[in-house]
Amino acid sequence: MKDFVVIGCGRFGQSVAKSLYAKGHDVMAVDIDPEKVQNISDYVTHAIEVDAMDEAALKAIGVRNFDVAVVSIGSDIQASILTTLIVKELGVKYVVAKALNDIQAKVLYKIGADRVIFPERDMGIRLAHSLVKNNVLDYIELDPNYSVMEITALKDWEGKTLKELQLPTEYGVNIMAIKCGDDVNVSPYAEDVIKRGDILIVIGNTENINKLGEDD
């Protein structure tokens, strides 16, 4: 199990911290707001009131000993950037930082963030796809060129094998897995048959993925 420190306990930070702790990991939650620290304290290993821009304070609580730091500070861009810089310089090997826009993301990468995420933007994209395409259950944009989509099998696919559907040829996408109820068929074979209600997890070029979602 890994040790995580989540800095910034707003809605996103709390969600990350609680989820990691629920999976059995040691999680320290850090925030300057005592009320937020109190709210998260029962759902993590440790919850501490600390100013994340105070390098000495972060050093004192042993931030350097954590495997991963998640900097989930909200709209205070300066605090986000400075905190990311501090935890990286203190020796945290892997730092994930939340960004509000591309410019902030570029700065975060420049100062050493290993991964930058856009929770609001990504959720907006996923929601938009699920609203306009009836058979799309989930959508994740890996980068501007490639995406993963969770899609309910189209009626025309029912009773056909993957070989017969020829999705790589017809749509330019590959099937990663097929979900049938609680069962998940990872790396399905060409002879596997699609049944009504099956959910396919596909990966491919974003343009091709979007075309697939239009055929409902």
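The values are calculated or read from the model by the stated rules, or taken from the named source; none is laboratory data. Keep in mind that what you see is a predicted model, and the values were worked out from it rather than measured. Note that each Cβ is placed from the backbone with ideal geometry, even for glycine, and that neighbours are counted across all protein chains shown.
Only a single criterion out of (1) buried (at least 18 other Cβ atoms within 10 Å of the Cβ); (2) at pLDDT 90 or above; (3) farther than 30 Å from V95 by Cα is not satisfied by G159, namely (1). Scanning segment 141-159 for residues that are of a type outside the set (S, T, N, Q), in contact with a strand residue (DSSP E or B) (Cβ under 7 Å, 6 or more places away or on another chain) and on the phi < 0 side of the Ramachandran plot yields E141, L142, Y146, V148, M149, E150, I151, A153. Scanning segment 185-216 for residues that are of a type in the set (A, V, I, L, M, F, W, C) and either outside any strand (DSSP E or B) or at pLDDT below 80 (or both) yields a total of 4. When I194, I178, I199, I151 are checked against the criterion of being buried (at least 16 other Cβ atoms within 10 Å of the Cβ) and closer than 27 Å to R115 by Cβ, I151 stands alone in meeting it. Residue count for segment 46-74 under the criterion of being of a type outside the set (A, V, I, L, M, F, W, C) and under 17 Å from V16 (Cβ atoms): the result is 4. For segment 67-80, taking the residues that are hydrophobic (A, V, I, L, M, F, W, C) and buried (at least 24 other Cβ atoms within 10 Å of the Cβ), the one that is farthest from P119 (Cα to Cα) is identified as A69. Among the residues of segment 35-52, just one is part of a helix (DSSP H, G or I), in contact with a Gly (Cβ under 9 Å, 6 or more places away or on another chain) and of a type outside the set (D, E, K, R), namely I40.
Just one of the listed residues (V50, V44, V70) is within 22 Å of the chain's Cα centre (by Cα), in the same structural domain as K18 (by TED's automatic domain parsing) and free of Cβ contacts under 8 Å to residues at least 60 places away in the same chain, namely V44. Every listed requirement among (1) buried (at least 21 other Cβ atoms within 10 Å of the Cβ); (2) in contact with a helix residue (DSSP H, G or I) (Cβ under 9 Å, 6 or more places away or on another chain) is met by D54 save one, (1). Being modelled with pLDDT under 90 and over 23 Å from the mean Cα position of the chain (by Cα), is that true of even one residue in segment 138-153? Among the residues of segment 138-153, at least one is modelled with pLDDT under 90 and over 23 Å from the mean Cα position of the chain (by Cα), which makes the answer yes.
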